[in-house]
Amino acid sequence: MQNPFESGHIKNYILLYVSVVVIMILFFAASTLLHDVPDIEQKIFDTNTSQNSLQNKENELKNETNSTKFRLLDKAY
């Protein structure tokens, strides 16, 4: 087996290493430049809820439970 440092093959190994690094850098640059990141709209939640709307929702829930075909017992036996 020959020593690559003495036979001059070290240039080929260095050239191979450098070419792999350059290809990795080119792929990284291409992926960052060509990758479009979509803008995401920020959701805004309504924090000003009134008591009337909460009471209306509670009344609707009560009406829905009373209008069903089956009725639940008041006590669990």
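Here, each number is a calculation from the coordinates, and none is a lab measurement. Computed from a predicted model, the values in this text were never measured in an experiment. Positions of Cβ are backbone-derived with ideal geometry, glycine not excepted, and every protein chain shown enters the neighbour counts.
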Contour minus end-to-end for VAL20 and LYS43, with contour as 0.36 nm per residue of separation and end-to-end as the Cα-Cα distance?
-> 3.9 nm
LYS57 versus SER31: modelled label distance in nm, points set 7 Å from Cα along the beta carbon direction | 4.4
In straight Cα distance, which lysines are under 22 Å from LYS69, not counting same-chain residues fewer than 8 positions off?
-> LYS57
